[in-house]
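Comments concern the structure below.
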Amino acid sequence: MATSFQPKIKLTDVVKRFDEKTVLDGVNLSVEHGESVAIIGGSGTGKSVTLKCILGLLTPESGSVTVDGVEVVGARARDMERVRAKFGMLFQGGALFDSMPVWRNITFGLTQGRIREPNRMRRIAEENLERVGLGRDILNLRPNELSGGMQKRVALARAIAPRPEIIFFDEPTTGLDPIRADVINDLITSLVEDLGVTALTITHDMSSARKIAHRVAMLYDGRIIWQGPRDRLYDSGNPYVDQFVQGRADGPIR
Amino acid sequence: MKNGPLASLLLAFAAVGRLLIGLLAMVGRVTTFTFTILARGVRPPYYPARFVAQIMEIGWYSLPVVGLTAIFTGSALAQQIYTGGSRFNASSTVPAIVVFGMVRELGPVLVGLMVAGRVASAMAAELGTMRVTEQLDALATLRTDHFRYLIAPRLFAAVVAMPVLVLIANSIGIMGGYLLSIYKLGFNPASYLATTRQYLEWDDIRMAVVKAAVFGAIIAIMGCYNGCRTAGGAAGVGKATTDAVVSSFVLILFSDLVITIVAFG
């Protein structure tokens, strides 16, 4: 049973290895209901792996992941499906289904891939496209007929279409021009502020992190080495964070 | 011991051991994969539209290549038997051996290999691309089980489509032998057909259907298994495709031997 003081998502000492390589080495992180948290960190530090452990797409070697108090690690398929119903996810590369048109991609989460009520589904797809700044003229196009930026926005429309309680954004502004990136930032902010969605974002874009997140956490060497409010990002007092946010080659991160 | 006389022998044993362990581990993974498809595929939700689409992909679109393979093989078989049989006055056995050869062996095996080349590679490439572009993960986040949505329809469609393809290929192959025997080798059409009917047995047709269903399962399982295990981008997809085709070929030929020995041994 979810309670108001219980974190929406809680990771405790999560360890994940791939063969000999330890990617997550005791990650601890909490995300409160309606909070927007950004995870920053270098490439290959395990940011996407963290999201996949929460979604149950990867199983940690040890540690605990809870969503609304329900343990995800080792959960049965039926329980996992209930947990996943709370989530929407924007993948880094979009991960749109090549074999189906845009409108079926967007409504996939509502139909689980079956063709049901096509007219209503097309209307829903149109509404969600509008939210991400795209028009109905692309409804029947295939993903490979869209530009990279448009694919990203269609993927975002697909993530928000089922109106999830929690949305994960894996580098939402990568590959977008600065104006479109800001449109996406505004959209994420409005989802959190207006609809009370809980958001967890992976980003390398510091201006995006400062705009969309209430709190920022930095992942380095398999651990969260710093977390704090977004206003402290450039004043963290942590040499690793300082080097990362300023994009300096010299510093403790090699 | 590191530099002793037994060192190279031990290294050879270790290499064989690693190979054997790797092989057994793969057999275990494929078996688990197969049981997972069956366990999840028989429970709802079902995707009949996906099943029909796969029937079209595996069955209908394989017809041209299977038909051509069958007619060429049937004709060549007739010519070979005629030429070889004439050395000991046995050229009249052409219709009987064409029927045996096509129905019992060449029809199922050649269709299996042709469909494996066309379909197992396509399955591995499609699922492999979906794996490396995170589309399989996206399915999970959209509460859709890829075993039910993508894999079970492929397996069930392959098991249904392959026997039909083999029956068609057998008919076309026998027709190829008939046409060559009549128009090139000068056989009497009526007696050729009468001999063909005489030697065509239900047991052989049943065995062809069983072989075809087993080969269909092998093609779908190896195509999907290798596709789902893809890692490492475009090169990984290429490797998965090759592995799917090679493993399908080997397993089809091995299971053909086993079924034939069990049926006639």
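We did not get these values from a lab; they are worked out from the coordinates using the rules stated. Computed from a predicted model, the values in this text were never measured in an experiment. When we count neighbours, we look across all protein chains shown, and the Cβ atoms used for this are built from the backbone with ideal geometry, even at glycine.
A few comments on the model shown:
- Take each peptide in A:140-148, B:134-142, A:36-44, count the other Cβ atoms within 10 Å of every residue, and average; sorted highest first, the result is B:134-142, A:36-44, A:140-148.
- Here the range A:101-163 is treated as a Stokes sphere of Kirkwood radius computed over C-alpha pairs; at 25 °C and 0.890 mPa s its diffusion coefficient rounds to 219 µm²/s.
- Per-peptide packing, taken as the mean over residues of other Cβ atoms within 10 Å, places A:152-158, A:191-197 in the sequence A:152-158, A:191-197 from highest down.
- Highest mobility in the GNM of chain A, judged by mean-square fluctuation with C-alpha springs under 10 Å and restricted to A:Gly93, A:Gly149, A:Gly113, is found for A:Gly113.
- Radius, Kirkwood style, for the range B:47-264 when every pair of distinct Cα atoms is counted (Å): 18.4 Å
- Mean-square fluctuations from a GNM of chain A, with a 10 angstrom spring cutoff on Cα atoms, peak among A:Ile184, A:Ile124, A:Ile106 at A:Ile124.
- The alpha-carbon atoms of chain A define a convex hull whose volume equals 141 cubic angstrom per residue.
- Convex hull projection area averaged over all views, the protein assembly as shown, Cα basis, nm²: 34.5 nm²
- The protein assembly as shown - charge dipole about Cα centre, Lys and Arg +1 at Cβ, Asp and Glu -1, debye rounded to 20: 900 debye
- Once the Cα atoms are used to define both axes, helix B:7-41 deviates from the longest principal axis of chain B by about 80 degrees.
- Considering only B:Gly173, B:Gly233, B:Gly186, the Gaussian network model of chain B with Cα springs below 10 Å gives its largest mean-square fluctuation to B:Gly186.
- Per-residue mean of foreign Cβ neighbours for B:216-224 is 0 (Cβ atoms of other chains, 10 Å radius).
- Neighbouring Cβ atoms from other chains, within 10 Å of the Cβ of residues in A:87-94, number 4 on average.
- Computed magnitude of the charge dipole of the range A:83-242 (debye, nearest 20; Cβ of K, R +1, Cβ of D, E -1): 700 debye
- B:Met130, B:Met123, B:Met56 arranged by Cβ crowding within 10 Å, fewest neighbours leading: B:Met56, B:Met130, B:Met123
- Shape analysis of the range A:159-254 places it in the prolate category; the axes a ≥ b ≥ c from the Cα gyration tensor give an a/c of at least 1.5, with a/b above b/c.
- Judged by the mean number of other Cβ atoms found within 10 Å, the most tightly packed of the peptides B:24-34, B:66-76 leads the ranking B:66-76, B:24-34.
- A dipole drawn for the range A:1-119 from +1 and -1 charges on Cβ atoms has a positive end, and of A:Val49, A:Thr59, A:Gly113 the residue lying farthest that way is A:Gly113.
- Mean per-residue shielding of peptide B:141-150 is 6, counting Cβ atoms of other chains within 10 Å of each Cβ.
- When the pairs A:Lys10/A:Lys86; A:Lys152/B:Lys239; A:Lys16/A:Lys47; A:Lys8/A:Lys86; A:Lys10/A:Lys52 are compared against a 20 Å limit on Cα-Cα distance, A:Lys152/B:Lys239 fall above it.
- Degrees, to the nearest 10: A:178-195 long Cα axis against longest axis of chain A: 90 degrees
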